[in-house]
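Reviewing the structure listed below.
The values are calculated or read from the model by the stated rules, or taken from the named source; none is laboratory data. The model shown is predicted, which means the values in this text are computed figures rather than measured ones. Don't worry about glycine lacking a Cβ; one is built from the backbone with ideal geometry, like all the others, and counts go over all protein chains shown.
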Amino acid sequence: MRISQLIDSYLKGLKFIMSHPSWKNRRRYIFASFTIGALMLVASSVAVLFGLMSDVGDLVAGGVALISLILTSYIFGATWESTKLHKNEGNFDE
């Protein structure tokens, strides 16, 4: 019974998300990924300060890679969509 309620609430949330414009959904995922990357960097700093972990290089590299990949894909996607949708905007001869 509990699993069916979880599935129903998940599907309602999915329908809600998909009813919004695609850029609104993309921004949510990008901000969530950016937050995860930032938390990875903060967690690695805390681990170094308190001496909890001896090797935090993977955590730092993962956080930086996640943030840079997200920003790169966000900028590329916006640029590509802008040029693809507005390609013949000023040229009325074609």
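Side notes on the structure shown:
- Condition met for residue 12 (basic (Lys, Arg) and modelled with pLDDT under 80): no
- Qualifying residue in segment 45-59 (condition: of a type in the set (D, E, K, R), at pLDDT below 85 and assigned to a helix (DSSP H, G or I)): yes
- For residue 25, the conditions (1) surrounded by 13 or more Cβ atoms within 10 Å (Cβ to Cβ); (2) at pLDDT below 75; (3) over 18 Å from the mean Cα position of the chain (by Cα) all hold with the exception of (3).
- Counted residues, segment 29-45 - those being farther than 21 Å from residue 77 by Cα and among the polar types (S, T, N, Q): 2
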